[in-house]
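These notes concern the structure reproduced below.
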Amino acid sequence: MKAMTILFSMDSNSLLNGAKSYEEAMKNLVNEYNLSDIIEIIETGSFGFYGKGSVFQILPDDIYYIVNSIDDLKEIFEEHLLKGRSVPKFLVDREKLIPADTSKLKETRIVLRNVGLIDPNSIEEYIGRDGYIALYRALKMKKTEIIDIIKDSGLRGRGGAGFPTGLKWEMTLKSQNDRKYILCNADEGEPGTFKDRLILEGDPHSVLEAMAIAGYAVGSQLGYIYIRGEYYNSIQKVQKAIDDAENAGLLGENIFGSDFSFKISIRPGAGAYVVGDETALMESLEGKVGRPRLKPPYPTEHGLYGRPTLINNVETFANVPWIILNGSDAFKAYGTQRSKGTKVFSLIGNINSKGVAELPMGSTLREVIYGFGGGVANGRNIKMIQTGGTAGTFVTPDKLDIPVDYESIKDGISLGSGAILVIDDRNCAVDIAKKIARFYMHESCGKCTPCREGTRELYTLLDEISKGHGKIEYIDRIKNLAQEIADSSFCGLGQSVNMPILSLYDNFKDEFLAHIGASECPVGICEFEKVKSKTKV
Amino acid sequence: MDKVQILKERIKEMKSRQLEKGDMILSSLHATQELFDNSIPLEAAKVISDELDVKVERIYELATFYSMYSTKPRGKHLIRLCESLPCHVIEGPKIAKKLKEVLNIDFGQTTKDGLFTLETTSCLGICGVGPVMMIDGDTYGNLTAEKTESIVQKYRGEKS
């Protein structure tokens, strides 16, 4: 252990801010001054926040700096590391971001317990943080014992649907078949959500360990991780983790000398949002187009290749080792009556500090947006917040103090994937609605008519309004259509279209109407086309 | 060795890692695109069809269903700009405009010199540093109009 440690975050977001070049520069400086015996430089996952620049942490001082050039870095090196005094102008003042009235707010790290603390490429560091002990203990338990702990913890699916995890495990155990699969849904595609990416890139072993525990608990020997094709960095990090775990005997044949063997393999996606649906994902993994299957039968009895399959989201899995180690009561201590544990929120949009924050279920939008996001960027005001991803609802700032959990949809707030998109007052509701409709039109898989044709018409109507060709009857058509698509679509994609569209309309009715018969967009965003001259004929 | 032969070798290697029938098909299509101008031509589809025992029709279905695949040859570099809401509300449209202007093509088109194809993509999951785009396997964030132009110029420079 060296006297000082400098941690550079190497998740995809940080890499884009130049983290790699700053790390190199720091290494060079350390070598140049012969300090490599006392200063250690480590790559880790996300610190959970991003500013305008690259962030690194110095330990044991527990100080975060944000830099924008190699010169900034040199200055910090000379002042802090050589002379021992901090450089205030580059300091990240975490305290300042938290307003006084939410001082009780504490980030609770269960899922992200290792992210930003350990080197994700090092299995030793994961083991050093009690990694694979949960698997060791699980292998000494009865299958039903493990499932009872998960059931009792109240853990529910973190992909958005919120199905009780323990129940899913139990159903898979009860399905009789000599071959069963564990499937990890890492096809993260809900716009504005990047929590799974941070887990995969910041603590990949936590997911592998959980899959092995699940494999033992339900009687499966083969696991697949289906990762989005565009997530090159995640695929690379998880593959390294699998190789290391196999070499260490923590995956593969006869794990911990037991008669339990478990293999995990990665399969990349190829770009289709609908594949986030569990049955569509199975079709895709089998090498087919990713269109959802009719349910029932459910995957727990008739899943991948027609065999019993347990499919969970990355974040759901990442909870599991912690629950096994700390017990279900410790997990239940966090959260609300019907939603236990924590949720990883992704904070994005017009906000000062974008990033992820893991908070107990039942935290409010205000706590997330002002407690972690540092409020709205550029001193603007919040116009609306989209909760839960593109398939989630839009709310106005008067909903800031409602606790967010699986039940908060009754107040109009979707938990969904945990995405919280802050949209400021420069944006136009019609333009946003058009963007949403375009997304649905593009991602509709074409299997069922209401979704395939309906989302297209929805987009066309909104496009017309945004060009200044809107007619008053379009409004009712949009409202009815959104509801009809939702009522009659085959899968969750089409079924959710009413959530964003109708919540937008309900909150901004006047703004929609003000586009009709006007000569320009009332907010100045939509580009109205010139009305065609009638003298043309 | 010609490209078809190289592909055959690669697919054989991939087949050795197949755990269940069909589970390497998507991966083999990714490998094909790396060899054939970011696309899946008929000659390559036939190789996959033979090696992995899947109909050519199915390969065509996959190639047209998934947004990362193309049946038409694309440019040497694929530029994919995120068009999802999180990037849209933080000036994504300005970047879209700039890219069209710098490349002098619209989305879905390829430059005349065959160097770039411009596409949009759904959320890339790096919203912490939006607006973002991907060029081939590399991602670029915190884009501004100027930054976007200089990145494109960097790729153009590599050609000479």
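DSSP beta bridges in the range A:123-332, what fraction antiparallel, as a percent rounded to 5?
Taking every DSSP beta bridge within the range A:123-332, about 10 percent pair in antiparallel fashion.
Compute the distance from the alpha-carbon center of the range B:71-91 to that of the range A:371-387, in whole Å.
Going from one Cα centre to the other spans 26 Å.
Enumerate the amide H contacts of A:Asp424 below 5 Å, restricted to partners 5 or more residues apart or on another chain; note that Pro and chain-start residues carry no placed amide H.
A:Asn350, A:Lys383
Counting only DSSP beta bridges with both residues in the range A:4-92, tell me the antiparallel percent, nearest 5.
Bridges in the range A:4-92 that DSSP calls antiparallel: roughly 60 percent.
Out of residues 5 or more away from A:Ile266 or on other chains, whose amide H comes under 5 Å of its own, with H placed 1.01 Å from N in the peptide plane?
Those lying under 5 Å, H to H, from A:Ile266 are A:Ile225.
Find out how many positive minus negative residues lie around A:Gly271, taking Lys and Arg as positive, Asp and Glu as negative, among other residues whose Cβ is under 12 Å from that of A:Gly271.
Net charge in that neighbourhood comes out at -2.
For chain A, calculate the relative contact order in percent as a whole number, restricting contacts to Cα pairs under 8 Å that are 6 or more residues apart.
Contact order relative to length: 13 percent.
Do any trypsin sites (Lys or Arg not before Pro) in the range B:92-160 lie in a DSSP loop with no more than 13 other beta carbon atoms within 10 Å, and if so, which?
Passing both the DSSP loop test and the Cβ count: B:Lys112.
Exactly which GluC sites (Glu not before Pro) in the range B:116-160 are in a DSSP loop and have at most 11 other Cβ atoms within 10 Å?
Here no loop site has a sparse enough neighbourhood.
Around B:Ile105, with a cut-off of 15 angstrom between Cβ atoms, what is the net charge of the other residues, counting Lys and Arg +1 and Asp and Glu -1?
Result for the local shell: +4.
Between A:Ala377 and A:His469, what is the label-point separation in nm under the 7 Å Cα-to-beta-carbon projection?
Reported label-point gap for A:His469 and A:Ala377 is 3.3 nm.
Any idea of A:Cys491's accessible area? Nearest 10 Å², probe 1.4 Å.
Looks like 20 Å² after rounding.
State to the nearest 20 debye the size of the charge dipole of the range A:342-424 about its Cα centre, where the only charges are +1 on K and R beta carbons and -1 on D and E beta carbons.
240
Once you place label points 7 Å from the Cα toward the Cβ at A:Arg456 and A:Ile38, how far apart are they in nm?
Going by the 7 Å Cα→Cβ label model, 7.0 nm.
If I take R0 = 60 Å and measure r between the Cβ atoms of A:Gln236 and A:Ala514 in this structure, what FRET efficiency does the formula 1/(1 + (r/R0)^6) give, to the nearest 0.05?
That gives a FRET efficiency of 0.75.
Please identify the trypsin sites (Lys or Arg not before Pro) of the range A:22-79 that satisfy two criteria: DSSP loop assignment and at most 11 other Cβ atoms within 10 Å. Which are they?
A:Lys52
Note down the magnitude of the dipole of the range A:178-284 about its Cα centre, charges +1 on Lys and Arg C-beta and -1 on Asp and Glu C-beta and zero elsewhere, to the nearest 20 debye.
Dipole magnitude for the range A:178-284 comes out near 80 debye.
Using a Förster distance of 25 angstrom, determine the FRET efficiency expected from the C-beta separation of B:Phe107 and A:Thr449, and round it to 0.05.
Here the calculated transfer efficiency is 0.40.
Would you mind working out the magnitude of the charge dipole of the range A:293-450 relative to its Cα centre, with +1 at each Lys and Arg C-beta and -1 at each Asp and Glu C-beta, to the nearest 20 Debye?
480
Name the helices (complete DSSP H segments) of chain B with a Cα length along the long axis of 18 Å or more and a Kyte-Doolittle mean of at least -1.0, or state none.
Membrane-span-like by this rule: B:3-16.
Pop a pseudo-label 7 angstrom from the Cα along the beta-carbon direction at both A:Glu78 and A:Ser261 and give the gap in nm to one decimal.
Going from the A:Glu78 label point to the A:Ser261 one covers 6.1 nm.
Sequence-distant or interchain residues sharing an amide H contact under 5 Å with A:Thr5, placed H: which?
Residues meeting the amide H criterion: A:Glu40, A:Leu59.
The values are calculated or read from the model by the stated rules, or taken from the named source; none is laboratory data. In this text the structure is predicted, and so the values were computed from the model without any measurement. Note that we place each Cβ from the backbone using ideal geometry, even for glycine, and neighbour counts take in every protein chain shown. To get the accessible areas, we keep the full protein, side chains included, count just its heavy atoms, and leave off ligands, DNA and RNA. Shrake-Rupley method; radii C 1.70, N 1.55, O 1.52, S 1.80 Å.
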